[in-house]
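What follows is a short report on a single structure.
The values are calculated or read from the model by the stated rules, or taken from the named source; none is laboratory data. Nothing here was measured: the structure is a model prediction, and the numbers come from that model. Here Cβ is always computed from backbone atoms with ideal geometry, including for glycine, and neighbour counts include all displayed protein chains. To get the accessible areas, we keep the full protein, side chains included, count just its heavy atoms, and leave off ligands, DNA and RNA. Shrake-Rupley method; radii C 1.70, N 1.55, O 1.52, S 1.80 Å.
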Amino acid sequence: MGKPTRLVIFGRQGAGKGTQCLRLVERYGVVHISTGDMLRAERAADTKLGRDAGRIMDAGGLVGDDIMIPVAKNRIAAADVVSAGFVLDGFPRTTDQAEGLFAALGDERLHAVINLDVPLDEVTTRMKARGRGDDTDEAIAQRLALYEKETQPVLDWFEERGLLVPVDGLGTEEEVTDRLISAVDRTLTADGDDA
Ligand code: AMP
């Protein structure tokens, strides 16, 4: 097996991040780590973490860094993730979490931080077309605005470190996957003898 690939992916709701994560898992053999999924699993299992996080999730807030950083660190340190690599989805959401991620990785390089970019008006159209009960125009606009506010400083943080890779998320799923893979492959070959 090849060397483990370590990725982070950002994207607005409706940008197709879920589908593209599956494609990255297939292509690079990485483990998909979604902190949102992890918290929902804790919640379903009715653990203390799940109950504490659940209240915050319902209120539309962010679970504290004191909780989230150890949760993510533990997952990243697990044997399967160390050997296979990962695509992190939903983490980091704050610059402190980004620092925590770097600390957890130590000498291991993060290969790319992908920003799967679909313009605001397009994701809005897609989310309206999905027509879920909680998707009122106002709720959609609010969620997207919150994402913007939350995410921009973290994107800037990675940009400053030369890790941010913008990928155009418009087009068919296959087109986006092709772009994504070319972008990631470039970052892998840029540093061929990375351990
Ligand atoms: P997601 O599925 O990634 O949108 O996550 C669902 C919810 O879980 C978020 O709205 C937050 O309340 C919480 N959450 C997930 N990941 C994080 C994180 N890295 N930091 C703080 N809260 C998080």
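Odds and ends about this structure:
- Residue match in the range 15-33 (condition: in a loop (DSSP other than H, G, I, E, B), within 15 Å of the ligand (Cβ to nearest atom) and within 20 Å of residue 166 (Cα to Cα)): yes
- Number of the exception - residue 129 against (1) within 16 Å of the chain's Cα centre (by Cα); (2) farther than 19 Å from residue 5 by Cβ: (1)
- Pairs, first in contact (Cβ under 8 Å) with a residue 40 or more places away in the chain in the range 57-77, second surrounded by fewer than 17 Cβ atoms within 10 Å (Cβ to Cβ), C-beta under 6 Å, six or more apart: 76/104
- Where residue 170 falls short, out of the listed (1) outside any helix (DSSP H, G or I); (2) hydrophobic (A, V, I, L, M, F, W, C); (3) within 15 Å of the chain's Cα centre (by Cα): (3)
- Check on residue 80, at pLDDT 95 or above, open to solvent by 10 Å² or more (accessible area, probe 1.4 Å), of a type in the set (Asp, Glu) and over 27 Å from residue 162 (Cα atoms): yes
- Looking only at the range 87-100, and only at residues there that are more than 8 Å from the ligand (Cβ to nearest atom) and in contact (Cβ under 8 Å) with a residue 24 or more places away in the chain, the one that is nearest to the chain's Cα centre (by Cα): 88
- Condition check for residue 8: open to solvent by less than 30 Å² (accessible area, probe 1.4 Å), under 24 Å from residue 170 (Cα atoms) and of a type in the set (A, V, I, L, M): yes
- Among residues of the range 108-131 being farther than 23 Å from residue 175 by Cβ and in contact (Cβ under 8 Å) with a residue 24 or more places away in the chain, the one that is surrounded by the fewest Cβ atoms within 10 Å (Cβ to Cβ) is 109.
- Among the residues making up the range 37-74, those that are open to solvent by 60 Å² or more (accessible area, probe 1.4 Å), among the aliphatic types (A, V, I, L, M) and farther than 18 Å from residue 89 by Cα are 44, 45, 59.
- Residue match in the range 178-190 (condition: in contact (Cβ under 8 Å) with a residue 60 or more places away in the chain and either open to solvent by 60 Å² or more (accessible area, probe 1.4 Å) or under 14 Å from residue 123 (Cα atoms) (or both)): no
- Test: residue 84 is more than 8 Å from the ligand (Cβ to nearest atom) and either hydrophobic (A, V, I, L, M, F, W, C) or under 26 Å from residue 180 (Cβ atoms) (or both): yes
- Some residue of the range 144-155 being open to solvent by 70 Å² or more (accessible area, probe 1.4 Å), closer than 26 Å to residue 65 by Cα and aliphatic (A, V, I, L, M): yes
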